[in-house]
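**Q** A single structure is presented below for examination.
The values are calculated or read from the model by the stated rules, or taken from the named source; none is laboratory data. None of these values were measured; they are calculated from a predicted model. All Cβ positions, glycine included, derive from the backbone under ideal geometry; neighbour counts span all protein chains shown. Surface accessibility is based on the protein's heavy atoms, side chains included, excluding ligands, DNA and RNA. Shrake-Rupley method; radii C 1.70, N 1.55, O 1.52, S 1.80 Å.
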Amino acid sequence: GISMTIQVKWDDEQQRAILMTYEAGWTWNDYFSAKIEIDNLLRSVKYTVHIISDSRIGGMVPRGNALTNFASAFQTAPNNIGLVVVVGGNIIFRSLLHLLQTVSLNRAANNICFAYTQEEARELLQERLRIAS
C-alpha cells in the first residue's frame with residue numbers, strides 16, 4: 001500500500017524536481033516506501049532531478065538508527081539525483097544531515113542544503129540550474 005504519511009510527487013511539470021512531504025507520525029517503513037517511489041521517478045528520466053524534502057509538519061524523527069537509514073538511502077540512490085533541499089528548521093533533522101555529510105563519502109549526501117520554505121527551496125534550485133546549464 002502507498003504510505004500516506006510521506007507524500008511523493010513531481011514538483012513541476014518539467015519533472016526537474018520531486019517534492020517529498022513528511023506528515024506527522026511517519027515511520028521508517030514509510031520512509032523506505034517513499035524512497036522506492038522516488039528512485040522510480042528518478043529512473044524514469046535521463047537527466048538530473050532534484051529533491052525538495054519538506055519536513056516541517058513531519059516533526060520528530062522516528063526511533064531507530066536515523067543516521068544509518070538516511071545514509072543507506074543516499075548510498076542506493078540513482079546516479080541522477082541532484083540537490084536535496086531540506087525544508088524546515090528542525091534542528092534534529094539538520095544536525096543528523098550535517099553529521100551524514102561528514103561521515104558519508106557519498107556524493108548525494110554532499111548535495112544536501114536547507115531552506116525554510118518550499119518557495120525558498122525552489123529559488124535555490126533555480127539558481128543552481130542557472131549555474132549548471
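**Q** Counting only residues that are closer than 15 Å to Y22 by Cα and either surrounded by fewer than 20 Cβ atoms within 10 Å (Cβ to Cβ) or at pLDDT below 90 (or both), how many does the stretch 87-104 have?
**A** Total meeting the criteria: 6.
**Q** Testing Q15 on (1) more than 12 Å from the chain's Cα centre (by Cα); (2) at negative phi, one condition comes back false. Which one is that?
**A** (2)
**Q** V84 is checked against (1) out of contact with any His (no Cβ under 8 Å at 6 or more places or on another chain); (2) surrounded by 14 or more Cβ atoms within 10 Å (Cβ to Cβ); (3) free of Cβ contacts under 8 Å to residues at least 60 places away in the same chain; (4) under 18 Å from E120 (Cα atoms) and fails just one. What number does that condition carry?
**A** Evaluating V84 over (1) out of contact with any His (no Cβ under 8 Å at 6 or more places or on another chain); (2) surrounded by 14 or more Cβ atoms within 10 Å (Cβ to Cβ); (3) free of Cβ contacts under 8 Å to residues at least 60 places away in the same chain; (4) under 18 Å from E120 (Cα atoms) leaves (1) as the failure.
**Q** Can I ask one more? Report, by residue number, each residue of the stretch 1-12 that is within 14 Å of the chain's Cα centre (by Cα) and over 10 Å from G58 (Cβ atoms).
**A** Q7, V8, K9, W10, D11
**Q** Moving on to the next point. State all residues of the stretch 105-133 that are within 13 Å of the chain's Cα centre (by Cα), modelled with pLDDT under 85 and small (G, A, S); if no residue qualifies, say none.
**A** Selection gives A108, A109.
**Q** Just to be sure I understand, how many residues within the stretch 42-58 are in a helix (DSSP H, G or I), of a type in the set (A, V, I, L, M) and open to solvent by 20 Å² or more (accessible area, probe 1.4 Å)?
**A** 0
**Q** Restricting attention to the stretch 1-23, does a residue exist that is part of a loop (DSSP other than H, G, I, E, B), among the acidic types (D, E) and surrounded by 18 or more Cβ atoms within 10 Å (Cβ to Cβ)?
**A** Yes, some residue in the stretch 1-23 is part of a loop (DSSP other than H, G, I, E, B), among the acidic types (D, E) and surrounded by 18 or more Cβ atoms within 10 Å (Cβ to Cβ).
**Q** Can you spot a residue in the stretch 59-70 that is closer than 20 Å to A24 by Cα, crowded, with 19+ Cβ neighbours inside 10 Å, at pLDDT below 80 and not aromatic (F, W, Y)?
**A** Within the stretch 59-70, not a single residue is closer than 20 Å to A24 by Cα, crowded, with 19+ Cβ neighbours inside 10 Å, at pLDDT below 80 and not aromatic (F, W, Y).
**Q** How about the stretch 24-41: which of its residues are open to solvent by 30 Å² or more (accessible area, probe 1.4 Å) and of a type in the set (G, A, S)?
**A** Within the stretch 24-41, A24, G25, S33 qualify.
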